[in-house]
Amino acid sequence: MADSNKRSSTVRARAAGNRRPARPSSAAAKPRAAAQARLPQGDVTLTDRAYAELEELIVTLQLPPGTALSELVLAKRLDIGRTPIREALQRLSRDGLVNILARRGVLVSEIDLRAQLRLLEVRRELERLMARGAAERATSEQRAQFSEIAAGMRRAAEKSDDLLFMRLDHQFNTLISAASRNEFATRAMGLMHGLSRRFWYQHYKEAADLPLAARLHADVAEAVAERRVDAAGAASDSLIDYIESFARSTL
């Protein structure tokens, strides 16, 4: 009987930890709107939601580098149970956005320029591969979407519109990942998106040439839309050349 009661209590505890809250708190509202757009399509687990919202808090520096994270505090802040929070932190650790340290808990990782430059070495190869793959394999519907993104990027360049640029950049990354039809490249890139976005977010206002960045994205999108495989690869390299020079300019 004691074992049965213990099992029942465990089931109730797990259910409580994973129960979707009826009313989100105001503290959770800020990251939630931006994170919703990054959630996968279809069924979304509480761990997915916790991961997206915590990533947004870290990338946008609302949780700055070096911040000590508490599962209990985060669970209250996001109105999500501690089990999904713990699982999300483990995923963020694999992404390099947090460090889980014995006897010290969980800390938001520091922003490291040298690590960012090493990351760009890998991004260069992967993004060229994905751009060429997308130019070769994209459907007609996807090509039309790339054309729309290219036009939007050129508008963002003309107006120096950072919000439009960041929205289109997310659409571009999602679309090129799908159009390239290479799940292994997609998984590898997924591990780098958070670190790359956080570095950009920290420095873009003082160091970035946003019109140039938008035009370079437009060049890749147009080459993919027009099925110009070699041009897509070359445009991708030009984009990474700029991102690397941007990173070095933050020294």
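Test each condition in (1) open to solvent by 30 Å² or more (accessible area, probe 1.4 Å); (2) within 17 Å of Asp219 (Cα to Cα) for Arg118 and report the one that comes out false.
With (1) open to solvent by 30 Å² or more (accessible area, probe 1.4 Å); (2) within 17 Å of Asp219 (Cα to Cα) applied to Arg118, the lone miss is (2).
Can you work out which of the residues in the range 226-251 that are open to solvent by 20 Å² or more (accessible area, probe 1.4 Å) and either of a type in the set (A, V, I, L, M) or in contact with a Pro (Cβ under 9 Å, 6 or more places away or on another chain) (or both) is farthest from Glu127 (Cα to Cα)? Spell out the reasoning first.
Within the range 226-251, the subset open to solvent by 20 Å² or more (accessible area, probe 1.4 Å) is 226-231, 234, 237-238, 241-245, 248-251.
This time we only want the ones that are either of a type in the set (A, V, I, L, M) or in contact with a Pro (Cβ under 9 Å, 6 or more places away or on another chain) (or both), so: 229, 231, 234, 243, 251.
On the way: Val229: 13, Ala231: 13, Ala234: 10, Ile243: 12, Leu251: 25 Å.
Selected residue: Leu251.
Here are some conditions: (1) aromatic (Phe, Trp, Tyr); (2) surrounded by 21 or more Cβ atoms within 10 Å (Cβ to Cβ); (3) modelled with pLDDT under 95. Tyr204 meets all but one. Which one does it not meet?
Evaluating Tyr204 over (1) aromatic (Phe, Trp, Tyr); (2) surrounded by 21 or more Cβ atoms within 10 Å (Cβ to Cβ); (3) modelled with pLDDT under 95 leaves (2) as the failure.
Restricting to the range 76-121, name every residue that is among the small types (Gly, Ala, Ser) and without any contact (Cβ under 8 Å) to a residue 40 or more places away in the chain.
So in the range 76-121, the residues among the small types (Gly, Ala, Ser) come out as 81, 88, 93, 96, 102, 105, 109, 115.
Listed by number, the residues that qualify are Ser93, Ala102, Gly105.
Among residues belonging to the range 122-145 that are more than 14 Å from Val229 (Cα to Cα) and touching a Leu at 6+ places or on another chain (Cβ under 8 Å), point out the one that is least open to solvent (accessible area, probe 1.4 Å).
Gln142
Would you confirm, using the coordinates I've provided, whether Asp162 is open to solvent by 60 Å² or more (accessible area, probe 1.4 Å) and within 24 Å of Leu117 (Cα to Cα)?
Values: open to solvent by 60 Å² or more (accessible area, probe 1.4 Å): no; within 24 Å of Leu117 (Cα to Cα): yes.
So Asp162 fails the test.
Taking the criterion of being more than 20 Å from Ser245 (Cβ to Cβ), assigned to a loop (DSSP other than H, G, I, E, B) and in contact with a strand residue (DSSP E or B) (Cβ under 6 Å, 6 or more places away or on another chain), would at least one residue in the range 105-118 satisfy it?
At the first step, the residues of the range 105-118 found to be more than 20 Å from Ser245 (Cβ to Cβ) are 105-110.
With assigned to a loop (DSSP other than H, G, I, E, B) added as a condition, the list becomes 109-110.
Next cut, in contact with a strand residue (DSSP E or B) (Cβ under 6 Å, 6 or more places away or on another chain) only: 109.
Checked against the condition, which is being more than 20 Å from Ser245 (Cβ to Cβ), assigned to a loop (DSSP other than H, G, I, E, B) and in contact with a strand residue (DSSP E or B) (Cβ under 6 Å, 6 or more places away or on another chain), the range 105-118 yields at least one hit.
The values are calculated or read from the model by the stated rules, or taken from the named source; none is laboratory data. Remember, predicted model here, so these are calculated numbers, not experimental data. All Cβ positions, glycine included, derive from the backbone under ideal geometry; neighbour counts span all protein chains shown. Side chains are part of the model used for accessible areas, which takes the heavy atoms of the whole protein and leaves out ligands, DNA and RNA. Shrake-Rupley method; radii C 1.70, N 1.55, O 1.52, S 1.80 Å.
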